[in-house]
1. Kindly list the residues of segment 1-35 that lie in the label zone of GLN43, defined by a backbone N under 12 Å from the point 7 Å along the Cα-to-C-beta vector.
2. What 222 nm value per residue comes from the helices of the chain, counting each DSSP H run with n ≥ 4 as -39,500 (n - 2.57) and dividing by all residues, nearest 500 deg cm²/dmol?
3. For P(r) over Cα pairs in 10 Å bins from 0, in percent, the listed values are [x] 14, 24, 23, 17, 17, 5; [y] 17, 40, 25, 14, 4, 0; [z] 17, 47, 28, 7, 1; which was obtained by calculation from the structure presented?
4. Work out the length of the dipole vector of segment 2-52 about its Cα centre, built from +1 on the beta-carbon of each Lys and Arg and -1 on the beta-carbon of each Asp and Glu, and round it to the nearest 20 debye.
5. Can you tell which of PHE11, ASN51, PRO32 lies farthest toward the positive end of the dipole of the chain, using +1 and -1 charges on the Cβ of basic and acidic side chains (Lys, Arg; Asp, Glu)?
6. What's the angle, to the nearest 10 degrees (0 to 90), between helix 8-23's Cα axis and the longest principal axis of the chain?
7. Mean separation of Cα pairs under 8 Å and 6+ residues apart, divided by the residue count of the chain: what relative contact order is that in percent?
8. Using only the alpha-carbon atoms, how far is helix 39-51 inclined from the longest principal axis of the chain? Give it as 0 to 90 degrees, nearest 10.
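FYI, it's all coordinate maths here, none of it is from the lab. Because the structure is predicted, anything quoted here is derived from the model rather than measured. So basically every Cβ, Gly included, is an ideal-geometry build from the backbone, and we count neighbours across all protein chains shown.
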Amino acid sequence: DPEAFGGLNAFRHETGFLADICREAEPLANGPKVRVPGDRAHQAFREQSENGVVLHPEIMQRMAPCLEKYGLALPKTI
């Protein structure tokens, strides 16, 4: 409960500050940039929001019978 430790705003400020310090840390030689939990998922969300979600072809094939059952067309892109 963040309210028990200085309030929600203070908690957000401190955790944001800590995450920023971690991200700014020097990576290992030839290593990727430093990330914190959630960074990769947040990046994927942004990319998929802009460009759509790529589904494995098998997923679309498995959806086809359900779509046909209800008279819906299988979309080329979603």
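1. 32-35
2. The per-residue figure over the chain is -17500 deg cm²/dmol.
3. Identified label for the calculated read-out: [x].
4. So the dipole magnitude of segment 2-52 works out to roughly 120 debye.
5. ASN51
6. Result, in degrees: 90.
7. 14
8. For 39-51 against the chain, the angle is about 40 degrees.
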